[in-house]
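Written out below as structure tokens is the structure these notes cover.
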Amino acid sequence: MSPYIGRSVDDIALRLGISKSDSKASKSRLVMKMVGAEGRSVDTIEQFRKANVTKLKTVVLYPDGLPKENMSFRQITEEEWQGLASFDAKWEDSFLYEYFEENKFFIVSFKSPVPYSQHVAGNDRLVGGFLWNMPEKDIEQYVRPVWERLHELMLSGGSVHYGRGTNLLPGASFNGVCHLRPKGQNSDDVVRLPNGESITKQCFWLDRHYVAELIRENQKVNGNVK
């Protein structure tokens, strides 16, 4: 990736033979071409697959040093919601612990020269990329409390008050880093909880301030992925 660092998305697309419209629509495709792979999945890169790198995440940082949005991860399945209601459920065996403990992510950052209100995707410049997995101390400090809260709610059998202005699910202000937010295709894309309630399908997210900090720290320590 080093030959492209500092170059704009449109410039990189031109050098790689990708149409500008495609490069604006999907930085993921652009990144994969930069590392010599086809498609949009890191699963197509053998060394990534062997290292258990399961997801490519592209992030645009704005002049304030932050991305506009928090970073989303996968949805919680109905089976996993049911498991949270089990008295035998243990944090160390949970899907949430396993996900962040075992998976690595290829995070590639770009920088916009202007605020989001004036943003033009083709003008974003490549900053660099790195492989990342969440440190154990962060998993314990930020992810575990989310699982414990969900486990407590599902065990209680009470309403989570979803969509009533008193939502009990751990939201963005829960611990400032890890939280739940809906990520269904629409309001009809729902999951049934153990108590019988149906709510919009939920993903777990990492706060944008945390994401910006991990990008800064990993660039200092690891440099850019070549």
**Prompt:** For the subset of the range 60-91 comprising residues that are among the polar types (S, T, N, Q) and within 30 Å of ALA121 (Cβ to Cβ), which member is surrounded by the most Cβ atoms within 10 Å (Cβ to Cβ)?
**Reply:** ASN70
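Taking LEU153, is it closer than 30 Å to LYS50 by Cα and of a type outside the set (D, E, K, R)?
Details: closer than 30 Å to LYS50 by Cα: no; of a type outside the set (D, E, K, R): yes.
Taking the combined requirement at face value, the residue does not satisfy it.
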**Request:** Could you tell me which numbered condition ARG15 fails, if it satisfies all but one of (1) surrounded by 14 or more Cβ atoms within 10 Å (Cβ to Cβ); (2) over 16 Å from PHE130 (Cα atoms)?
**Result:** (1)
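Could you check the range 37-76 and list, in sequence order, the residues that are closer than 20 Å to ALA172 by Cβ and of a type in the set (Lys, Arg)?
Of the residues in the range 37-76, the ones closer than 20 Å to ALA172 by Cβ are 57, 59-62, 64-76.
Listed by number, the residues that qualify are LYS57, LYS68, ARG74.
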**Prompt:** Quick one: how many residues across the range 130-145 are open to solvent by less than 30 Å² (accessible area, probe 1.4 Å) and in a helix (DSSP H, G or I)?
**Reply:** 3
**Request:** Within the range 167-226, track down each residue that is in contact with a His (Cβ under 8 Å, 6 or more places away or on another chain), surrounded by 13 or more Cβ atoms within 10 Å (Cβ to Cβ) and closer than 17 Å to HIS151 by Cα.
**Result:** ASN167, LEU168, PRO170, PHE204
**Prompt:** Can you tell me which residues in the range 107-129 are among the hydroxyl-bearing types (Ser, Thr, Tyr) and crowded, with 19+ Cβ neighbours inside 10 Å?
**Reply:** SER109, SER112
**Message:** If I ask for residues that are polar (S, T, N, Q) and at pLDDT 95 or above, which ones from the range 203-226 would you list?
**Reply:** none
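Which of the residues spanning the range 163-178 are in contact with a Pro (Cβ under 9 Å, 6 or more places away or on another chain) and under 17 Å from LEU84 (Cα atoms)?
Taking the range 163-178 as the starting set, the residues that turn out to be in contact with a Pro (Cβ under 9 Å, 6 or more places away or on another chain) are 170, 174-175, 178.
Result: PRO170, single match.
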**Request:** Run ALA51 past the list (1) open to solvent by less than 80 Å² (accessible area, probe 1.4 Å); (2) at pLDDT 90 or above and report the number of the one that doesn't hold.
**Result:** (2)
**Message:** Here is a check on your reading of the model: is ILE45 surrounded by 12 or more Cβ atoms within 10 Å (Cβ to Cβ), β-branched (Val, Ile, Thr) and at pLDDT 90 or above?
**Reply:** no
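The values are calculated or read from the model by the stated rules, or taken from the named source; none is laboratory data. What you see is a predicted model; the values in this text were computed from it and never measured. Heads up, the Cβs are rebuilt from the backbone with ideal geometry, glycines too, and the neighbour counts pull from every protein chain shown. These area figures cover heavy atoms from the full protein model, side chains too; ligands, DNA and RNA do not enter into them. Shrake-Rupley method; radii C 1.70, N 1.55, O 1.52, S 1.80 Å.
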